[in-house]
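To start, the structure under review is shown below, and the notes come after it.
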Amino acid sequence: MSQKIQLKLLDPRLGRDYPIPAYATEGSAGLDLRAMLDEPLTLEPGATALIKTGIAIYIGDPGLAAVILPRSGLGHKHGIVLGNLVGLIDSDYQGELMVSCWNRGQTAFEIAPGERIAQLVLVPVVRADFEFVSDFVASERGAGGFGHTGRH
Ligand SMILES: O=c1ccn([C@H]2C[C@H](O)[C@@H](COP(=O)(O)OP(=O)(O)OP(=O)(O)O)O2)c(=O)[nH]1
Ligand SMILES: [Mg+2]
């Protein structure tokens, strides 16, 4: 399924020096986001940096949102994940998409200008229309959680 989403290119290097945002394959769920840095950035172990992506999107529909997720190769091999673990992009956000890059690894990692550092996934959203009650109809689980059903 696809959906028209407005996108602004905020950095002139996109479409000139680096490809404009595009899905890598027909089946890709994620759209890679690039680090619009002016020079290489070394992320020391444990360090976090907020990195511009050079793009803004306006989702516009409250029934949709986007999430920013780590790229698996960077996360698994180099420890480069997100400082907020997952980024949530509200449907009414119109600012530049920012990526909080966190080096959770043991070695420094250099991010090159234009490098693909994370990915954006559009997701459906169901917003709650709360009905305030004082009791719930009993369920099988009740209030049991956090390992209540055992390990194996
Ligand atoms: O990784 C991220 C996470 C968020 N955002 C933008 C889009 C999102 O709609 C907005 C607010 O994010 P969130 O609600 O998660 O942050 P907050 O700390 O609650 O800020 P706010 O008070 O602005 O809602 O920041 C990003 O660009 N990148
Ligand atoms: Mg918020």
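As a rough guide to protection, the peptides 109-115, 43-49 ranked by mean Cβ packing within 10 Å, highest first, stand as 109-115, 43-49.
Each of the peptides 141-152, 8-19, 58-69 was scored by the mean count of other Cβ atoms within 10 Å over its residues; in descending order, highest first, they stand as 58-69, 8-19, 141-152. Which of the three applies to the range 93-151, rounded, prolate or oblate, going by the alpha-carbon gyration tensor with a ≥ b ≥ c and a/c under 1.5 meaning rounded? Note, shape of the range 93-151 comes out oblate.
Remark: the chain carries a charge dipole of roughly 380 debye about the Cα centre, counting +1 on each Lys and Arg Cβ and -1 on each Asp and Glu Cβ.
Amide H contacts under 5 Å for residue 33: 117, 118, 119, 120, restricted to partners 5 or more places along the chain or on a different chain, H placed in the peptide plane at 1.01 Å from N. Only DSSP H runs of four or more residues enter the estimate; each adds -39500 (n - 2.57), and after division by the residues of the chain the mean residue ellipticity at 222 nm equals -1000 deg cm²/dmol. In the range 6-124, what percent of the accessible surface is made up of carbon and sulfur (1.4 Å probe, ligands and nucleic acids excluded)? For the range 6-124, the apolar C and S fraction of the accessible surface comes to 53 percent. Per residue, the range 1-130 exposes an accessible area of 61 Å² to a 1.4 Å probe, with every protein chain left in place. With a ≥ b ≥ c the root eigenvalues of the C-alpha gyration tensor of the range 6-124, is it rounded (a/c under 1.5), prolate (a/b larger than b/c) or oblate? Judged from the Cα gyration tensor, the range 6-124 comes out prolate (a/c at least 1.5, a/b above b/c).
The values are calculated or read from the model by the stated rules, or taken from the named source; none is laboratory data. For clarity, every value in this text was computed on a predicted model and none was experimentally measured. FYI the Cβ positions are ideal-geometry reconstructions off the backbone, even for glycines, and counts take in every protein chain you see. Heavy atoms of the whole protein, side chains included, go into the accessibility calculation; ligands, DNA and RNA do not. Shrake-Rupley method; radii C 1.70, N 1.55, O 1.52, S 1.80 Å.
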